[in-house]
Amino acid sequence: MTGSRIVIVGDLINDIVAVTREPLRPDTDTTATIRPSSGGSAANTAVWLARAGAAVDFVAAVGAHDAHLHEEELAEAGVTPHLQVEVAAPTGTIIIIVQGSERTMLTERGANSLLTSAAVTDALLADAALLHVSGYSIVDGFRVAGTRALLDRAAAAGVPVSVNPGSIGFIADFGVEAFLEAIAGASLLFLSGDEARLLTGLDGAERQARALARDFPIVALTRGAEGVLLVVDGGEPVAIPARSVRAIDPTGAGDAFIGGFLASWTQAPDAVAAAEAGVFTAARAVMAIGGRPPI
């Protein structure tokens with residue numbers, strides 16, 4: 001890694017998070033704590049990275065009606081925004097219904113669907129220590145050809161790539177083989193147990209992590225309260241325990257883990273130490289509502 005900045009490309013979302021206080025009651029009222037916030041997996045990771053002291057460039061697409069607000073918010077968080085502004089599409093919006101550790105998400109991708117991989121310019125890659133790509137943009141925007149073109153340009157610039165697959169529903173619709181073809185050559189893969197099961201067709205975290213490690217030098221499989229299973233260069237899986245905290249909202253925990261991991265790993269490429277930093281950051285994330293660091 002010769003560059004000085006981390007480039008994040010992916011989704012930017014307006015989140016509406018509803019944490020229910022009782023089981024959902026159809027056709028009548030259910031009491032809940034409701035908070036609007038800015039989100040998006042890639043945007044969340046960018047902000048957590050900046051909070052950890054990293055220099056971050058964030059590339060995304062946004063609707064014209066609130067582009068300035070998002071640009072200001074990202075800049076105030078320490079992120080340098082590079083926003084593709086769309087006049088005919090709104091900023092993406094997700095309604096997130098949280099019930100304990102489970103979440104249901106109603107998603108409008110909006111301007112995110114129009115983001116192109118060319119928005120990550122060669123100038124950004126020239127000063128990049130790492131490029132992180134959100135799977136949402138791969139399956140809904142870049143597709144295979146655009147993702148391959150981006151990863152090939154990163155390789156030519158000597159920039160390692162990390163990938164976070166994202167929605168298992170979107171990936172299933174896109175096709176597992178097509179997704180794996182798109183991300184071939186990435187150096188780091190961050191994913192959940194559900195995502196690992198979909199991509200490998202296997203049960204059991206160790207079997208999944210070992211299988212994925214055949215194609216990716218670093219695999220970090222997040223398991224919620226069970227912590228993270230890490231495989232480096234095909235070695236033995238290493239279990240990193242989760243921190244014991246009072247969890248309020250799991251939204252963005254994985255994004256925070258990635259932010260903490262990359263902030264550490266790009267400074268000193270010790271994957272175990274980076275995973276421990278990621279677990280610490282994820283613990284902070286679940287203690288507040290929303291996917292970004294509390295102000």
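The values are calculated or read from the model by the stated rules, or taken from the named source; none is laboratory data. Keep in mind that this is a model prediction, so the values were computed, not measured. Backbone-built Cβ (ideal geometry, glycine too); neighbour counts: all protein chains shown. Calculation scope for accessible area: heavy atoms of the full protein, side chains included, ligands and nucleic acids excluded. Shrake-Rupley method; radii C 1.70, N 1.55, O 1.52, S 1.80 Å.
Of all DSSP bridge pairs formed entirely within region 161-295, close to 55 percent run antiparallel.
On a per residue basis, region 1-157 carries 44 Å² of accessible surface, using protein heavy atoms and a 1.4 Å probe. Surface composition of region 199-295: carbon and sulfur atoms hold 53% of the protein heavy-atom accessible area at a 1.4 Å probe. Two numbers describe the Cα atoms of region 1-83: Rg and Dmax, which are 16.2, 57 Å.
Using a 1.4 angstrom probe on heavy atoms only, work out the carbon and sulfur share of the accessible area of region 1-117 in %. Using a 1.4 Å probe with all protein chains present, region 1-117 comes out at 52 percent carbon and sulfur. Working note: 222 nm ellipticity from helices only, DSSP H runs with n ≥ 4, each -39,500 (n - 2.57), summed and divided by the residues of the chain, gives -10000 deg cm²/dmol to the nearest 500. Kirkwood's formula applied to the C-alpha pairs of region 147-295 gives a hydrodynamic radius of 15.7 angstrom.
Accessible area per residue for region 164-295 is 44 Å², calculated with a 1.4 Å probe on protein heavy atoms, without ligands, DNA or RNA.
Global size of region 210-289: 12.3, 37 Å for Rg and Dmax (C-alpha atoms, Rg to one decimal, Dmax whole).
Where the alpha-carbon atoms of the chain are placed on the principal axes, they occupy 55, 44, 36 Å, in descending order.
For the peptides 132-143, 41-52, residues were scored by their other Cβ atoms within 10 Å and the scores averaged per peptide; the highest-first order is 41-52, 132-143. For region 83-217, what class follows from the C-alpha gyration tensor (a ≥ b ≥ c being the square roots of its eigenvalues): rounded when a/c is under 1.5, otherwise prolate if a/b is larger than b/c, else oblate? In terms of gyration-tensor shape, oblate.
Only Cα pairs under 8 Å and 6+ residues apart enter the sum, and on that basis the relative contact order of the chain stands at 17 percent.
Per-residue 3J(HN,Hα) values for region 234-248, derived from phi via the Karplus relation 6.51 cos²θ - 1.76 cosθ + 1.60 with θ = phi - 60°, read x, x, 5, x, 10, 8, 10, x, 6, 7, 8, 9, 8, 7, 10 Hz in sequence order (x marks Gly and Pro).
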